[in-house]
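Take a look at the structure set out below.
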Amino acid sequence: MKKIFLLSLIAFFSLASNAQTYTTKSGYVGCVSKSAFDKYMKYAVDKDYVAADALVKKQLCFSLKSGVTVYVEDTSWGKVEIRPKGLTGTIWTVMEAIRRN
């Protein structure tokens, strides 16, 4: 029984380590939380660039760097939560900001 459990754990972690990776594209915005991203997008749609820039100045949102390897942690209505490889924090952005490797 212990042997089967151990083999199951090894198989699980082996599959988890082969998770699909993506690469970020430039020209998109990422935010440190879903709520900050939703605010940024609302301000951008409203063309209230002063309010959007305030989120950037507070370091809640920023321009994504191209070529960063990330994992998808969550998705929601065209938005995606990504985690850069090797880091524990996540970023919310639009799905178009990443491409599958």
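The values are calculated or read from the model by the stated rules, or taken from the named source; none is laboratory data. The model shown is predicted, which means the values in this text are computed figures rather than measured ones. Glycine also receives a Cβ, built like all others from the backbone with ideal geometry; neighbour counts cover every protein chain displayed. Protein only, heavy atoms only, side chains kept; ligands, DNA and RNA dropped before computing areas. Shrake-Rupley method; radii C 1.70, N 1.55, O 1.52, S 1.80 Å.
From the list Lys85, Lys58, Lys65, the lone residue that is free of Cβ contacts under 8 Å to residues at least 60 places away in the same chain, of a type in the set (Lys, Arg) and farther than 15 Å from Gly27 by Cβ is Lys58. Filtered by the rule that a residue be within 11 Å of Ile91 (Cα to Cα) and among the hydrophobic types (A, V, I, L, M, F, W, C), region 23-48 gives Val29, Cys31, Val32, Ala36, Phe37.
With respect to Met41, is the statement that it is aliphatic (A, V, I, L, M) and more than 11 Å from the chain's Cα centre (by Cα) true? Yes. Pairs are defined by a Cβ separation below 9 Å, a sequence spacing of at least 6 or placement on different chains, a first member in region 27-51 that is open to solvent by less than 60 Å² (accessible area, probe 1.4 Å), and a second member that is of a type in the set (S, T, N, Q); the pairs so defined are Val29/Ser63; Val29/Thr93; Gly30/Thr24; Gly30/Ser63; Gly30/Thr93; Cys31/Thr93; Ser33/Thr90; Phe37/Thr93. Selection of region 64-101 for residues being within 17 Å of Tyr40 (Cβ to Cβ), among the aromatic types (Phe, Trp, Tyr) and modelled with pLDDT of 95 or more yields only Trp92.
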